[in-house]
Structures are given as structure tokens and as C-alpha cells.
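Following: one structure in C-alpha cells, then a few remarks.
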Amino acid sequence: MAVLGFDTSNYTTSVAYFDGVDGVNCSQLLPVKAGALGLRQSDAVFHHTKSLPELSGRLFSHLGGARIEGIGVSTRPRAVEGSYMPCFLVGYSHAKLLSDCLGVPLFTCSHQQGHIAAALWSAGAMELMEEPHLAWHLSGGTTELLLVEPEGRNVRCQRIGGTTDISAGQLIDRTGQRLGLPFPAGKALDALSRESSCADFCQVKCHSMEFSLSGMENKIAQYADVHSAADTAAYALRTIGRVVRQATQNAQKDFPGLRVVFSGGVASNSMLRRMLSSPESVFAQPQFSTDNAMGVAILARRLLEG
């Protein structure tokens, strides 16, 4: 039973195909003007509307005569009351039209649930869909530590920790802007940090599983005034890695024995992956850490199977 998945997040347009074993994901970053730190929702909606036909055409050209039996789409950032962003309406409208045209069921999920499914599938750890586990959603807009539990063929995510203000991704992008890097700055900051041999970091207070990153922006600016760009990149990433690791260790005391999944674009960073690696850690393949529709397609296939 083959399915399609659509995900139109704030920065990436994605469409994917999944047949239960293998899949293909086609994604495209939304264009952001040089020096800017994001997009207005109206601009994101426009660019998704423009990008989806090209991406779906690219995907469908590889599928031949594959029979599609279900459509999945992310409709909101998180599966909690009040979670809403207009950009997800673009994916939903395309997915609904296609499901009506093909006469196949439409399955909805959250962007966050899609991230977790993509992480588990790409890491070869789909058994965790049936078990409680911990998961970090580390992205441009979200830094949340979640308790994830099975809910039918999907998962239920309860926030138990993370940032109380700006996300790790926002701190990375603001650091990148100061260093003159393109937005989003994750990949460029990662590459730049590899040129540093510096071990500096800033100690961020972690209260149980919660912490604040907003004060780090000024500290990074002060550090950048007297250190190289490479050392500044490493300083910012090492600081994030240390506080995320501390929150993880605190969570493992409250939830002993649970494995920890790392998803979201920030989780593809090579320094953070080294710092957060442990016998309990589960990392998505880097291409499935960033925003993608593969997890949405995987969830649609699971829901189709019932």
C-alpha cells in the first residue's frame, strides 16, 4: 500500500512517497532575503503554493504507475490545542484535493509527529513507535523535550522540558546572521565550527529539564567581538549541546530506561550529535532530521493499515 505525504512548514516545502519499506522525499527550502531571519506567514504561503507543483511533479516522475492508496498531511506544528500556522493550509489543500480526486482516505498529523516518525524510520528504530520514549524536537522554531507514548497507530507527545524562550534554532540563526552566514544558518555554522579547535562554552543554568537561551545572544555577540568566526560558531553550538545534554540527563533520572530520540533540523548538526551521543540516543539520518514529508507519509501508511 503506497501513500503520499505533504508537509508545508515555515521554511520547507516537502512531498514524499512511502510504500511501507522504502520512500522518496522531495524538499525545497523557502527563499529568505539576505540578512533576514525568517519569513512572514503570507510569504511562506505564497512560496509553498509556488513550490508544491514543481516538487510533486519531480516526485511523480519517479513513481511510474504506482498505485496510491492514501494521502497524509501535516496540518499544524504540534498536536496540542491552539497550535496553528497558516502555511500548513497549503499542504492540506493540495492533499485534500488529491485524496478526493483519487478517492483515497486522507490522514492528518502534526509536523512534530512527522519529525518523530521520520527519525525513528531513518534510524531503524520503528519499534519505538510502540513504546514510551523521550524525544527532542530541535528546530528553527522549537526546542522541546517530549515524553512520547503510543496512541493508536500514531504517537502522543507531552512536553516535559526545553527552552522557556527562544529556540536553539533561533540562537543558531542569530549567530549565523552576526557572522554573515545565509539563513537558515545551521549547515554553514556546522561547517564553520569544524575549523575551530577551541573548547570554550557558556554555562547555561538548567532547572530540572527547562532552560533559557535568550541571554546567550548577547554573550555570543561579546564573544564574537574578540574571537574568530569559527571559534564563535563552536562556542554557540557547544553551549547548546551542553545544556541539552544536561536536560536529557535530568529527564533520564525521572524516566529511567527510556531511549532518547533526536529530531528536527538542529539535530543534524555534527557537533551536537557527538556531544549528545550515548547508548540510549537515537539519531535520525541527517536528511531526515531536517523538515521533510517522509514522516508524514510513514504515519499515513500506519494509519491506513489500521
Karplus-derived 3J(HN,Hα), 6.51/-1.76/1.60, for each residue of region 154-165, Hz, glycine and proline x: 10, 10, 10, 10, 10, 6, 10, x, x, 7, 9, 9
In percent, what relative contact order does the chain have, based on Cα pairs under 8 Å that are 6 or more apart in sequence? 25
If you wrap region 207-266's Cα atoms in a convex hull and average its projection over all directions, what's the area in nm²? 4.9
Cα-centred dipole magnitude for the chain, charges only on beta-carbon of K, R (+1) and D, E (-1), debye, nearest 20: 380
Just need the relative contact order of region 1-45 here, percent rounded to a whole number, with Cα pairs under 8 Å and 6+ apart. 31
Listed residues His94, His115, His207 arranged by accessible area, highest first, probe 1.4 Å: His207, His94, His115
Long-range amide H contacts for Asp291: which residues qualify at under 5 Å (H placed 1.01 Å from N, peptide plane, sequence gap of 5 or more or a different chain)? Gly265
What are the semi-axes of the equivalent ellipsoid for region 149-276, taken as the square roots of 5 times the Cα gyration tensor eigenvalues, largest first, in whole Å? 28, 15, 13
Please give me the summed charge of the neighbours of Phe88: other residues whose Cβ is under 14 Å from its Cβ, Lys and Arg +1, Asp and Glu -1. +1
Taking Lys96 as the anchor, which lysines have their alpha carbon closer than 29 Å to its alpha carbon, excluding any fewer than eight residues away along the same chain? Lys50
Where Rh is the Kirkwood radius over the Cα pairs of region 1-98, the temperature 10 °C and the viscosity 1.306 mPa s, what D in µm²/s does Stokes-Einstein return? 113
How big is the shadow of the Cα convex hull of the chain, averaged over all directions, in nm²? 15.2
Probe 1.4 Å, accessible area per residue of the chain, Å²: 43
Could you pull out every residue, at least 5 positions away or on a different chain, whose amide H is within less than 5 Å of the one on Thr12? Hs are placed 1.01 Å off N in the peptide plane, and Pro or chain starts have none. Leu30
At 222 nm, what value in deg cm²/dmol follows for the chain if DSSP H runs of at least 4 each add -39500 (n - 2.57) and the sum is divided by all its residues, to the nearest 500? -12500 deg cm²/dmol
Pairing the Cα long axis of helix 168-178 with the longest principal axis of the chain, what angle in degrees results, from 0 to 90 and rounded to the nearest 10? 60
How high is the relative contact order of region 114-213, given as a whole-number percent (alpha carbon pairs under 8 Å, six or more residues apart)? 21
Accessible area (Å², 1.4 Å probe, nearest 10) - Thr290: 50
Spelling out what I want: for every residue of region 266-281, take phi, set θ = phi - 60°, compute 6.51 cos²θ - 1.76 cosθ + 1.60 (Karplus), and round to whole Hz; glycine and proline get x. 5, 6, 8, 5, 5, 5, 5, 5, 5, 5, 9, 5, 7, x, 8, 7
If you wrap a convex hull around the C-alpha atoms of region 80-180 and split its volume per residue, what is the figure in Å³? 156
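The values are calculated or read from the model by the stated rules, or taken from the named source; none is laboratory data. Just so we're clear, the structure is a prediction, and the values are computed from it rather than from any experiment. Every residue, glycine as well, gets a Cβ built from its backbone with ideal geometry; the counts of neighbours run over all protein chains shown. Calculation scope for accessible area: heavy atoms of the full protein, side chains included, ligands and nucleic acids excluded. Shrake-Rupley method; radii C 1.70, N 1.55, O 1.52, S 1.80 Å.
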